[in-house]
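Structure, as structure tokens:
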Amino acid sequence: MNIERLHVGPTLSEVAIYQGTVWLAGQVADDASQDIGGQTAQVLAHVDRLLNDAGSDRGRILMCQIFLADLADFPAMNQVWNAWVTPGQTPPRATVQAALANPDWLIEMVVTAARK
Amino acid sequence: MNIERLHVGPTLSEVAIYQGTVWLAGQVADDASQDIGGQTAQVLAHVDRLLNDAGSDRGRILMCQIFLADLADFPAMNQVWNAWVTPGQTPPRATVQAALANPDWLIEMVVTAARK
Amino acid sequence: MNIERLHVGPTLSEVAIYQGTVWLAGQVADDASQDIGGQTAQVLAHVDRLLNDAGSDRGRILMCQIFLADLADFPAMNQVWNAWVTPGQTPPRATVQAALANPDWLIEMVVTAARK
């Protein structure tokens with residue numbers, strides 16, 4: 001069985017697909033000057049784009065691990081998340097606090113999904 | 001291939017099942033007043049119940065990511081864990097420290113398993 | 001479908017294999033006196049050995065979650081990582097900071113891969 005990789009770089013690929021399961025790299029905001037609402041929206045836009053590239057979508061997420069730099073941002077993150085998810089197809093999720101590689105990043109999301 | 005979801009809420013589902021693999025949301029204690037032993041037992045009871053709902057069980061766990069609010073709780077967590085796991089069917093596991101969404105939560109577990 | 005487990009201990013197994021997907025336990029250095037470069041090399045040697053035991057290899061990694069005790073070690077970790085990965089087959093990856101179970105451990109890696 002082959003592994004398909006998308007957006008392949010020298011350190012990591014953004015996507016790996018194997019047997020119908022789609023593994024995404026941790027997604028962060030391009031514009032780290034934005035607040036948690038803006039960064040969450042950016043991250044979810046990346047997830048949408050990568051899932052689309054992989055032949056999946058936000059209604060087919062199997063698991064989402066969320067790392068917040070500051071748990072005080074949890075309610076504001078959730079507000080953007082709740083408006084984004086597909087009703088009836090919400091994924092399992094876990095959220096913990098962790099410092100992220102860029103001190104201006106407020107959120108990183110690790111998504112696993114199923115291909116259509 | 002369809003995704004099956006259980007305990008579906010507006011923010012997350014507790015379980016997603018795809019191609020025989022069962023993905024659980026991060027599990028935490030209902031009664032956060034308990035110590036690490038009590039919270040670990042509560043979390044493992046949730047895992048048992050959700051895996052049963054999904055047609056799996058504690059002997060079929062593929063990976064368990066554990067987040068402890070305080071690594072000083074590692075030995076007491078392990079004591080409850082070691083008495084719970086199925087001998088010969090212990091899963092891969094990783095344990096790190098992370099602050100959790102409720103400051104009274106001492107442990108969160110993220111379990112992936114295989115259906116029977 | 002059977003689950004295959006390797007290096008099975010009373011608390012955890014180092015490897016679980018199910019439907020061609022290989023799940024590794026969190027890997028850390030045996031010699032925790034080494035610096036981040038040395039510990040990263042040790043961890044990657046463990047990953048190589050376990051993937052080989054499972055019938056996979058470093059070119060077939062689906063996801064790698066990295067926990068660093070100190071994000072200041074990120075560049076030195078990356079240098080060892082970049083020399084290790086298979087060009088064109090780099091995996092999705094996410095790196096966050098988290099305290100690890102042994103205060104001398106600087107890095108822990110959680111790898112999921114595909115069998116050959």
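Bear in mind these aren't lab numbers, they're just calculated from the coordinates by the rules spelled out. Because the structure is predicted, anything quoted here is derived from the model rather than measured. Note that each Cβ is placed from the backbone with ideal geometry, even for glycine, and that neighbours are counted across all protein chains shown.
Within segment C:54-104, the residues that satisfy the criterion of being of a type in the set (D, E, K, R) and surrounded by 15 or more Cβ atoms within 10 Å (Cβ to Cβ) are C:ASP57, C:ARG58, C:ARG60, C:ASP73, C:ARG93. A residue that is more than 13 Å from C:GLU108 (Cα to Cα), facing chain B (nearest Cβ under 10 Å) and aromatic (Phe, Trp, Tyr) cannot be found anywhere in segment C:63-76. Residues that are over 22 Å from C:GLU108 (Cα atoms) and either more than 11 Å from every other protein chain (Cβ to nearest Cβ) or not aliphatic (A, V, I, L, M) (or both) within segment B:80-96 comprise B:VAL80, B:TRP84, B:THR86, B:PRO87, B:GLY88, B:GLN89, listed in sequence order. Would you check which residues across segment A:9-27 are under 15 Å from the mean Cα position of the chain (by Cα) and facing chain C (nearest Cβ under 7 Å) and list them? Passing the criteria: A:SER13, A:GLU14, A:VAL15, A:ALA16, A:TRP23, A:LEU24, A:ALA25, A:GLY26.
Could you tell me how many of the residues in segment A:28-46 are surrounded by fewer than 21 Cβ atoms within 10 Å (Cβ to Cβ) and either polar (S, T, N, Q) or at the interface with chain C (Cβ under 7 Å from one of its Cβ atoms) (or both)? Selection size over segment A:28-46: 3.
Only one of A:VAL96, A:VAL85, A:VAL43 is under 13 Å from the mean Cα position of the chain (by Cα) and within 23 Å of B:HIS7 (Cβ to Cβ); which?
Checking each option against the conditions leaves just A:VAL85.
Number of residues in segment C:1-27 that are crowded, with 21+ Cβ neighbours inside 10 Å, part of a loop (DSSP other than H, G, I, E, B) and of a type in the set (Gly, Ala, Ser): the value is 2.
Is it true that C:TRP105 is in contact (Cβ under 8 Å) with a residue 12 or more places away in the chain and in contact with a Pro (Cβ under 7 Å, 6 or more places away or on another chain)? Taking the combined requirement at face value, the residue does not satisfy it.
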